[in-house]
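**Student:** Below you'll find the structure I mean.
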Ligand SMILES: C[S@@+](CC[C@H](N)C(=O)[O-])C[C@H]1O[C@@H](n2cnc3c(N)ncnc32)[C@H](O)[C@@H]1O
């Protein structure tokens, strides 16, 4: 390869990242403007005039957007010689991931919060100097909705039929009526799902994000459930009297400034025969392993700077684990240090998460 070829290749590699970033912005628009939903509702490839008519948007803008999406191979495009029209469509996979909120593979959550995530570039420049990051509320109310939309689809499809039954004896206890605490509960999706399924049990969600707690309160109100509540642990501390039967933490321990202290809090909350369900990112022990085995490693290290590690360093003494900071061995040694003695990885298939049953 000549020097010029190598330069061209590197430049292509670099600008393909910018193409990804800009196309991700177009995916955000497709979601927010209802373009994917409109295409899916049509049930067949449609012209941009048809999309514009059903969405009430300007055809010229819809056309440029659709050309980006088709060039990126996210939607299909075909030109009909007979009527001289180009039509854009969704494959069944695109319809599931882009336009079906009830599908477990629905993927619009991270794109929902893309502007807030990218806006963090403005704040974290300073963090590189000070070392101090920003908590989840720095992403505003839509940041919390984006997190909710990111995790809800898979949980809605799998939490009750797959995850809870994988824990020894937990479903029976939930049916009989026990106390459950979900820490880092976000907008409360898991709490509300479990509270509706197990009316004899009591569910308490804890989070430090005021935007997430406000969203959880709104959803609780809509649900009419009486066996769930949401709290800020800084004003309403988590029980420390070994009274909780099940503690759950979904994708949040690596975001916390003091994860070790949180594990000690969980140990103090849990009954001697209680269970902690730890769900966290499927990380490996070293950068080399993550970079080699995880095709999304670059995305995850970037999200860590903008969101997860920033949150985990949002206080000056934060541990700063970050998105890929809680591997199985790290989780095991931290849980052991917090006083847990039993640690079992569950056999549950998930694109980014690992699941552990941890007991005193
Ligand atoms: C990635 S979100 C996950 C939210 C939720 N579990 C879900 O699956 O949708 C991480 C959450 O952890 C919360 N968090 C961070 N530090 C916390 C702490 N010390 N105590 C409680 N929640 C915390 C954040 O505010 C954020 O809502």
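**Student:** Give 315, 319 a once-over and let me know the one that is on the phi < 0 side of the Ramachandran plot, within 14 Å of the ligand (Cβ to nearest atom), assigned to a loop (DSSP other than H, G, I, E, B) and touching a helix residue (DSSP H, G or I) at 6+ places or on another chain (Cβ under 7 Å).
**Tutor:** On the way: 315 fails: touching a helix residue (DSSP H, G or I) at 6+ places or on another chain (Cβ under 7 Å).
Answer to the selection: 319.
**Student:** Can you tell me which residue among 285, 280 is surrounded by 23 or more Cβ atoms within 10 Å (Cβ to Cβ) and touching a helix residue (DSSP H, G or I) at 6+ places or on another chain (Cβ under 8 Å)?
**Tutor:** On the way: 285 fails: surrounded by 23 or more Cβ atoms within 10 Å (Cβ to Cβ).
Only one candidate qualifies: 280.
**Student:** Residue 134: within 14 Å of the ligand (Cβ to nearest atom), touching a residue at least 24 places away in the same chain (Cβ under 8 Å) and assigned to a loop (DSSP other than H, G, I, E, B), yes or no?
**Tutor:** Spelling it out, residue 134 is indeed within 14 Å of the ligand (Cβ to nearest atom), touching a residue at least 24 places away in the same chain (Cβ under 8 Å) and assigned to a loop (DSSP other than H, G, I, E, B).
**Student:** Next question. Could you check region 278-312 and list, in sequence order, the residues that are within 15 Å of the ligand (Cβ to nearest atom) and more than 19 Å from the chain's Cα centre (by Cα)?
**Tutor:** none
**Student:** For the condition farther than 23 Å from residue 339 by Cα, buried (at least 20 other Cβ atoms within 10 Å of the Cβ) and away from the ligand (no atom under 13 Å from the Cβ), what is the one hit in 201, 223? First the steps, then the outcome.
**Tutor:** Values: 223 fails: buried (at least 20 other Cβ atoms within 10 Å of the Cβ).
One residue alone meets the criteria, 201.
**Student:** So if I check each of 170, 162, which one is under 19 Å from residue 358 (Cα atoms), in contact with a strand residue (DSSP E or B) (Cβ under 7 Å, 6 or more places away or on another chain) and more than 11 Å from the ligand (Cβ to nearest atom)?
**Tutor:** 170
Bear in mind that the values in this text are calculations on the coordinates, not laboratory data. Predicted, not measured: the structure shown is a model, and the values here were computed from it. In this analysis, Cβ positions are derived from the backbone assuming ideal geometry, glycine residues included, and neighbour counts consider all displayed protein chains.
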